[in-house]
Amino acid sequence: MYIGQSLNLLSRLNNYLNPAFLRHPKNSGMPICQALLKYTPNGFALIKIEYLPVPWLDMREIFWIDLLQPYYNVLPGGKTTRGYRHSDATKANLSRLATGRTQSPETRALISHASSGTNNAFFGKVHTTSAVLVMTLANSAGPMFLYDAFGTLLFIFPSATTLAKLVGSTHGVLVKLASSGNMFRGGWYVSSTPLHETGTFPIIELDSTEYISLIEAIKASKHILAMVFVFDALTGDYIGSYSGVLACARALNISHNRIAAALISGAPLSNYIFAHHRVRK
């Protein structure tokens, strides 16, 4: 398999059907071009997974590559092969990693179904959350569940790596947060397993504007390491939040050392309760 994107599908196909294009020095090192020359286009079928607005293309390419693990994609994560030239070492490593790669029965069934022509249920459509949930759990050894600050499940990503690439984080950071239960960038929780026995169906559709807004909001919060939430010490009512201890100290005119100590102890300070979680535990 090869997962790709195009602004002009007809032009893209014409290139792949043109041996001169495939043999051009700029393209000849690409595994998909080599495969087309070796097996001819008759050895391949075209599956149109979905049509999307242009700003969504890179994000969705990342998703599909991480989900289906296509053999001929030379850039893990899909970001992005346009204008990219791989070294011999890189291509050798990618070839080694791909050796022995097999698709799960669920993935093979998805591909077979998508190849069935105009009767294909996916043809010209984007996937519902239910379809994404099924494919994610079927094809991923380590899905990443994303929750909001109140513990509501927002979305299930195929892996920590997928989410990390989308929001500019790292696999290691997300795995550590999933293990510790600490908040991610002050507004979300991540987990490798569902946090609740009920409510395990994500509320955000993969193809929605809410999904795009969610990713952008997480990216925009990259500077937040540990959000500080402030509550009224007498009533327990939520007062507000700050991007860190120093910002909170400046706003409330309280020593940051005292706030840091109160965060650890949980004891009231100057009629406030300070916490690193929106919902007090």
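Nothing in this text is a laboratory measurement; each read-out follows from the coordinates by a stated rule. Everything quoted here is computed from the prediction, not taken from an experiment. So basically every Cβ, Gly included, is an ideal-geometry build from the backbone, and we count neighbours across all protein chains shown.
Computed extension gain for Ser213 through Gln34, at 0.36 nm per residue and net of the alpha carbon distance, reaches 60.6 nm. Which one of Met183, Gly151, Leu214 has its Cα pushed farthest toward the positive end of the charge dipole of segment 142-220, where Lys and Arg give +1 and Asp and Glu give -1 at the Cβ? The residue sitting farthest along the positive end of the dipole is Met183.
The ranking of Ser169, Ser255 by Cβ neighbour count inside 10 Å, starting from the fewest, reads Ser255, Ser169. Mean projected area of the convex hull spanned by the Cα atoms of segment 142-220, taken over all viewing directions: 4.7 nm². When a/c is below 1.5 the answer is rounded, else prolate if a/b is larger than b/c, else oblate, so apply that to segment 186-248 with a ≥ b ≥ c taken from the square roots of the Cα gyration tensor eigenvalues. Taking the square roots of the gyration eigenvalues as a ≥ b ≥ c, segment 186-248 is oblate. Normalised by residue number, the volume inside the convex hull of the Cα atoms of segment 1-60 is 97 Å³ per residue. In order along segment 65-70, phi translates into HN-Hα couplings of 5, 5, 6, 9, 6, x Hz, rounded to whole numbers, per the Karplus curve 6.51 cos²θ - 1.76 cosθ + 1.60 with θ = phi - 60° and x for Gly and Pro. For Phe184, the residues whose modelled amide H falls within less than 5 Å of its own, excluding neighbours fewer than 5 places apart on the same chain, are Tyr189, Val190.
Working note: Karplus 6.51/-1.76/1.60 with θ = phi - 60° gives segment 231-244 the couplings 10, 6, 5, 8, 9, x, 5, 6, 9, x, 9, 9, 6, x Hz, where Gly and Pro are set to x.
Computed from phi, the 3J(HN,Hα) profile of segment 3-14 under the Karplus parametrisation 6.51, -1.76, 1.60 (θ = phi - 60°) reads 9, x, 10, 7, 7, 9, 5, 4, 5, 4, 5, 4 Hz, with x in place of Gly and Pro. Fewest neighbouring Cβ atoms within 10 Å first, the residues Arg185, Arg278 line up as Arg278, Arg185.
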